[in-house]
Amino acid sequence: MGFLNALKRSLYPYTSKYISNAILVEGILKDCNEPFCCLFIDNSLFANYMSAKAFKQHPRILKQWKILMPSLKRIIKDEHNKIDLCIAVLPIRYESDFRDLYKFKTCKWVRQVLDISGPWEEIKKGFHKNAKEVNRTIRKYGYSHKISHDLNDLDTFYRQMYLPSITKFGDGARIIKYEWMKSFFSKGFLLIIMDGNNAISACLCSERDSTLSLRILGVLNGDEAYIKRGAQSAIYHFAISYAKENGFKEVDFELSRSSLDGVYWYKSRWGATVYPYDESKTRVYFIIPRHSEKVVSFFKNNPAIIQTDEGLSGLVGMSESRDISDESVEYLTRRYYSPGLKSLHLLTPDSQETIKYAFNRSDGNQLKH
């Protein structure tokens, strides 16, 4: 058995280019009372991440098997009447073969970088209300910070902050091993948030040329009470201040899931620009066998960052008809605009094609139909 497992692991880099896991699940979507059937084609942990994010409870697995990736068209045809949506994570090499099959595409990750080369007042103009209020929170609780190169602090960070946080709030990413983090720490430092004499959160940082990178964050015991008291927000505040005071030109917030909510949304509140993750060797393809209100509901609760011919754009489901109200347009602008996004594509119940609104920087970032 050990030999067979070792053989499978050694062959995986080759077999994963042609063979994929297929998982057909059914469950109740958040904010929807009807059953939703989704087919995942995925060799990574992305299916786990999306299932936890989309469904009210863990969905029921209807079928699980292996497929040859080139046979995906036939499988979609065979399962057409059963599934509401197919999410396929495939090597980029298959994109031209399936161009007529998928409706939207994205990567699992995007990058977010904050330009701090200008004066402080210009940088602060890019902060949203949430980020601007962090100053008040820090003063309220008397938070401070310290920079550490001490391995004992790294050990505390890993075991008492990182592991509890990734276990509780993880998004399907693999847990980083301590030895890897230790080797990385030797070239970087910890930025630690202090509540009096107690360390309540920290971030593993690195310096490269004119860039300060915020690699890994953690909160003490993964405690939501600390997060509500701004322990995580304080990391971004003090990291940006540290970078500016020490002559860095940008702060790299690293990778976020290609979703308009969650971690991405929080980083965007600091004015970070979103970029494609060009190192990815796979794409995520959304295949919609038939248009339905359930599919619209899926993207309403799971708004995505998609890749279009013009660059990165947002994809949002809207329960309204094609006649989107001015109030909705204003809300969408406030909620989803981020530097680097070119437009929003709105999916509505009465339109199989998305309604596109372009962001116009010269007009207060308002959307233009």
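All of R290, R335 fail the test of being closer than 30 Å to N135 by Cβ and not hydroxyl-bearing (S, T, Y), apart from R335.
Output yes when any residue across region 104-119 is surrounded by fewer than 17 Cβ atoms within 10 Å (Cβ to Cβ) and without any contact (Cβ under 8 Å) to a residue 12 or more places away in the chain, and no when none is. Yes, region 104-119 has at least one match.
The rows are residues; the columns are (1) at negative phi; (2) within 19 Å of the chain's Cα centre (by Cα); (3) assigned to a helix (DSSP H, G or I).
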| position | (1), (2), (3) |
| --- | --- |
| I28 | yes, no, no |
| N33 | yes, no, no |
| Y49 | yes, yes, yes |
| Q64 | yes, no, no |
| I67 | yes, no, no |
| L72 | yes, no, yes |
| N81 | yes, no, no |
| I123 | yes, no, yes |
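Among the residues of region 302-319, how many are in contact with a helix residue (DSSP H, G or I) (Cβ under 8 Å, 6 or more places away or on another chain) and surrounded by 15 or more Cβ atoms within 10 Å (Cβ to Cβ)?
So the first thing to find is which residues in region 302-319 are in contact with a helix residue (DSSP H, G or I) (Cβ under 8 Å, 6 or more places away or on another chain), and the list is 302-303, 305, 314-319.
Add one more test, that the residue is surrounded by 15 or more Cβ atoms within 10 Å (Cβ to Cβ), and what stays is 302-303, 305, 314-318.
So the count comes out to 8.
Residue by residue, here is whether (1) without any contact (Cβ under 8 Å) to a residue 24 or more places away in the chain; (2) surrounded by fewer than 16 Cβ atoms within 10 Å (Cβ to Cβ) holds:
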{"position": "G142", "(1), (2)": "no, yes"}
{"position": "N152", "(1), (2)": "yes, yes"}
{"position": "M161", "(1), (2)": "no, no"}
{"position": "P164", "(1), (2)": "no, no"}
{"position": "K187", "(1), (2)": "yes, yes"}
{"position": "S213", "(1), (2)": "no, no"}
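Scanning region 132-160 for residues that are more than 17 Å from L220 (Cα to Cα), of a type in the set (D, E) and at pLDDT 95 or above turns up just one, D150. Of (1) free of Cβ contacts under 8 Å to residues at least 12 places away in the same chain; (2) surrounded by 18 or more Cβ atoms within 10 Å (Cβ to Cβ), E353 satisfies all except one. Which? Every condition holds for E353 apart from (2).
Pairs are defined by a Cβ separation below 7 Å, a sequence spacing of at least 6 or placement on different chains, a first member in region 321-341 that is outside the structural domain of I116 (by TED's automatic domain parsing), and a second member that is part of a helix (DSSP H, G or I); the pairs so defined are S338/S268. Restrict the check to region 333-348 and report whether at least one residue is β-branched (V, I, T) and touching a Lys or Arg at 6+ places or on another chain (Cβ under 7 Å). Scanning region 333-348, I find at least one residue that is β-branched (V, I, T) and touching a Lys or Arg at 6+ places or on another chain (Cβ under 7 Å), so the answer is yes. Taking the criterion of being modelled with pLDDT of 90 or more and not in a helix (DSSP H, G or I), would at least one residue in region 7-17 satisfy it? No, region 7-17 has no match at all.
A quick yes/no check of all residues on (1) in contact with a strand residue (DSSP E or B) (Cβ under 9 Å, 6 or more places away or on another chain); (2) at positive phi; (3) assigned by TED's automatic domain parsing to the domain that holds F157; (4) of a type in the set (S, T, Y):
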{"site": "L217", "(1), (2), (3), (4)": "yes, no, yes, no"}
{"site": "G222", "(1), (2), (3), (4)": "no, yes, yes, no"}
{"site": "S241", "(1), (2), (3), (4)": "yes, no, yes, yes"}
{"site": "Q307", "(1), (2), (3), (4)": "yes, no, no, no"}
{"site": "G311", "(1), (2), (3), (4)": "yes, yes, no, no"}
{"site": "L315", "(1), (2), (3), (4)": "yes, no, no, no"}
{"site": "M318", "(1), (2), (3), (4)": "yes, no, no, no"}
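Restricted to region 296-324, and to residues there that are of a type in the set (S, T, Y) and in a loop (DSSP other than H, G, I, E, B), the residue that is farthest from I355 (Cα to Cα) is S319. Selection within region 95-121: residues that are hydrophobic (A, V, I, L, M, F, W, C), farther than 24 Å from I200 by Cβ and assigned to a strand (DSSP E or B). The member of this set that is farthest from the chain's Cα centre (by Cα) is F104.
The values are calculated or read from the model by the stated rules, or taken from the named source; none is laboratory data. What you are looking at is a predicted structure, and each value in this text was computed from that prediction instead of being measured. Cβ coordinates were reconstructed from backbone atoms using ideal geometry, including for glycine residues, and neighbour counts include every protein chain displayed.
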